[in-house]
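Worksheet for the structure shown next.
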Amino acid sequence: MQLFYHFGSKHLARKRILPFLLPLLEDGDEYREPLVGAGAIALSVMSRYPHMPCWINDRDPAVAALWRAVKESPDELIRRVREFHPNVLDFRAFSTAIDAIDTLPESPAAIIELGFQQLAVATMRWSGHGGSPRGGYRQQCPRMQIPTKSPADSEMMSPGVPR
């Protein structure tokens, strides 16, 4: 389980990490993850230890904003996702906005918007980090185009994400 595809994701490695990590947490008081990314390990830990305090961090302000929005403003983030219709113009605008940010915004509305933009771009691009949108900027590759559905309706979203 992970929230979105992210470059360097521990999603594939979780089958090797969790058998080592989970027994260590049985007597633990809290879980801390310094580079949460898409949350493959953190979400697995939180699902197995729902009452354990969990600290997640990420150096990327857009990723940090997404997780903060998930925690503090899930209804607003879900509303924003449901209303969104992916397109190349937004892909470019969101990518530019994300690249211009070097610190987490202070306003809750700005945090939600940056987090949403991170989720939208991650859903629309070829890979988890950088690159062009699926299908290219001209959308000439029919089988690989940006999905026209909202990410909330898309099969690309992790099944664990509320829709």
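Label zone of E30 (point 7 Å out along Cα→Cβ, amide N under 18 Å): in segment 47-90 this covers 47, 49-59, 68, 71-72. Near D58, the amide H atoms lying under 5 Å from its own belong to V36; only residues 5 or more places off or on other chains count, and H is placed 1.01 Å from N. Each Cα pair under 8 Å and six or more residues apart adds its sequence gap; the mean of these over the residue count of segment 1-58 is a relative contact order of 43 percent.
Suppose a student asked you for the relative contact order of segment 1-107, using Cα pairs under 8 Å spaced at least 6 residues apart; what percent would you report?
Working: 83 pairs, mean separation 26.2, N = 107.
It comes to 24 percent, rounded to a whole number.
Fully extending the segment from A13 to S47, taken as 0.36 nm per residue of separation minus the present Cα-Cα distance, adds 10.5 nm. Put simply, the amide H of R125, placed in the peptide plane, has neighbours under 5 Å in R134, leaving out anything fewer than 5 places away on its chain. For q = 0.23 Å⁻¹, what log10 I(q)/I(0) does segment 1-58 give under the Debye formula with an equal point scatterer on each alpha carbon and no solvent? Taking Cα atoms of segment 1-58 as identical point scatterers yields -0.91.
Read-outs throughout are calculated quantities, based only on the coordinates presented, and are distinct from any laboratory measurement. As the structure is a prediction and not an experimental result, all values here were calculated from the model. Cβ: placed from backbone, ideal geometry, glycine included. Neighbour counts: every protein chain shown.
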